[in-house]
Every structure is written in C-alpha cells, then in structure tokens.
1. Could you pull out the pairs from Lys15/Lys185; Lys84/Lys185; Lys61/Lys84; Lys60/Lys185; Lys49/Lys185 whose alpha carbons sit more than 30 Å apart here?
2. If we sort 187-194, 49-56 on the protection proxy, mean other Cβ atoms within 10 Å, highest first, what's the order?
3. Which distance in Å, rounded to a whole number, links the C-alpha centroids of the stretch 110-169 and the stretch 39-73?
4. Determine how many Å³ per residue the convex hull of the Cα atoms of the stretch 82-152 encloses.
Amino acid sequence: MGLLDELEQQAQQRKASADDAEKRKSDREQIFRTQLEPGMVALHEFLGKLVANLKLLQPKKPLRYALVGYGDIVGYIEHEYDLKLNQQPGSREIVLGFHCAVASEECPTVEVLGASKVKTVAGAFQRYHLGGVLEPKKDGNGETISAKFNAKGRIPMTATFFADADSAAVRMNFVNFDALGTATKNVPATQLNEATFDAIGRYLMREDSNLFQEALSDSFRAQLRTKVQQDQIKRRWESKISEQQKADLARMKREQGLSGSFAKPAAVDDKPAGSSWLDRVKGLIKK
C-alpha cells in the first residue's frame, strides 16, 4: 500500500470514528429531550406531592445510625422540606433536603476511656456536626483521656437527582439515609417511571423499598435456572450412586457371611469384566 493510500485509509477511519461519536452524542441528546427531561419534571411533581402529604401527616418513625465507638444514634425526621429544581439547557437537577432531629433521651450515654478512643468518637461527632461531649477529663499534658458522649443535634439528609444529555441516565445521591454517608445509584432513562418513583418515595420515607435491589436480566435469570437444574440433577445422581454403594456393600457383607470368609472378595480386587462395581454404576446411570 502506498503512502497516499495509507493516509486516505487513516482519514476515512478518523472520519468514521467522528461520525460514530457524533451519532452517539445525538442519540443521548434525543434521550434527554424525549425521556429524561419529561421524566425529571414528573419526578419533581411526584416529590412535591410526597412532601406535601408528609407535612400534613407528620409520620414519626425512628431512624437509627450506627456510629463506631458510640452505638446507635436515634432520631426523627423534621417534616420541613426544601425542594428545588435547577434547570440548565442540557441538564436537570432536583435537590430535596430535610433534617433528622437526634432524640438525645433515646441515645445511649457512653463513657469512653483512653485518649485515642476519645479522639476517634469526638472526631466522628464533629464530622457529622453532633454535640453531646460530657465531662471530659484531661491528663497533665492537657490531652483528653476520658469523656462521656450523649448525641444531640440535627443530621442533614439530602436526596439529589441529576440528569444531563451526556450520560443519558439519572444519578441519585442519598446522604445520611441508610447510614451516615452517601449512597449512589444510577437509573437509565427507560426506568424513570412510576414504579421507580414509588421506590424512591418509600426509600425517602424509610420504608421497605427495592430501590437498591438490582433487577436481573432475562438471560441471567435463565442462566440461574439452568444452574439450579444442573445442581438438582447432580444431587439426584449423587444420591443414587450413594444408595447403590450402600446396597453393594451390604450385599458383599452378606456374601462374606454366607461363605464364612471375612476377607475382601477377589472379585472386588480383580474387577472381572461385567461384574465390577463400576460396571454396575454405569448400568445404573444408563437407566
């Protein structure tokens, strides 16, 4: 191949790659316009109705957060919600914020001994903007060597939903829901529907929700069924072989008893054709 032919081939490959990238970009933009944008509008409306009902009903359900070195922090949601929709030409963002008020009277009062342990628990309290450090005691160097902790304060809870034309999906971030920290989930545009909205609503209300349960594809479900069936067949054959082994051993013991000899029969060692245990197992499997 000549130089010009090589350059022409490279130019065609680059053009084809650029065309593919442009087509993918165009497809993502279409998904954003036709699915994500109206889906985010519907989600915002759903959340608006949800928080309106929660403000009216004021459900009181204890939330528990495990904190290493301290124990469970117990709190209740304050039903004052801040719901925002941020719109940009190529993106949509929904932010829902509220607080969980710590119920100090339901939280343990824990005495922590040792400078390093006190520092660890105090650092965790500070990181999550919690108060409740009681009776600190210091050594001669001014370092706190013991203290009592009883959590108090408010834990911020935030749910963020972000969609743009680049990703063709919704990225969800939940801060301080299941635990102190952030949980993230990506949802494709095709799943932005009423079932997902319901799962989101139940998750926000701290009810049983399948939001973080991944759906299995049909092909993977078929693979699982096949694997289960194979395991069942394998166990059945293993059981049959085990039963046959037991029957053979019992028969050989009876034969030994009748002959008055307790030595191992020669047929077992010599394995004559057609009468060995292996041949009998093969015959069993063929049945």
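1. Working: Lys15/Lys185 36 Å; Lys84/Lys185 20 Å; Lys61/Lys84 25 Å; Lys60/Lys185 27 Å; Lys49/Lys185 23 Å.
Flagged as over cut-off: Lys15/Lys185.
2. On the way: 187-194: 15.4, 49-56: 13.6.
My ranking of the peptides, most packed first, is 187-194, 49-56.
3. 22
4. So the per-residue hull volume is 121 Å³.
Bear in mind these aren't lab numbers, they're just calculated from the coordinates by the rules spelled out. Fair warning: this is a prediction, and the values are worked out from it, not measured in the lab. Because the Cβ atoms are built from the backbone with ideal geometry, glycine has one as well, and the counts that use them run over all protein chains shown.
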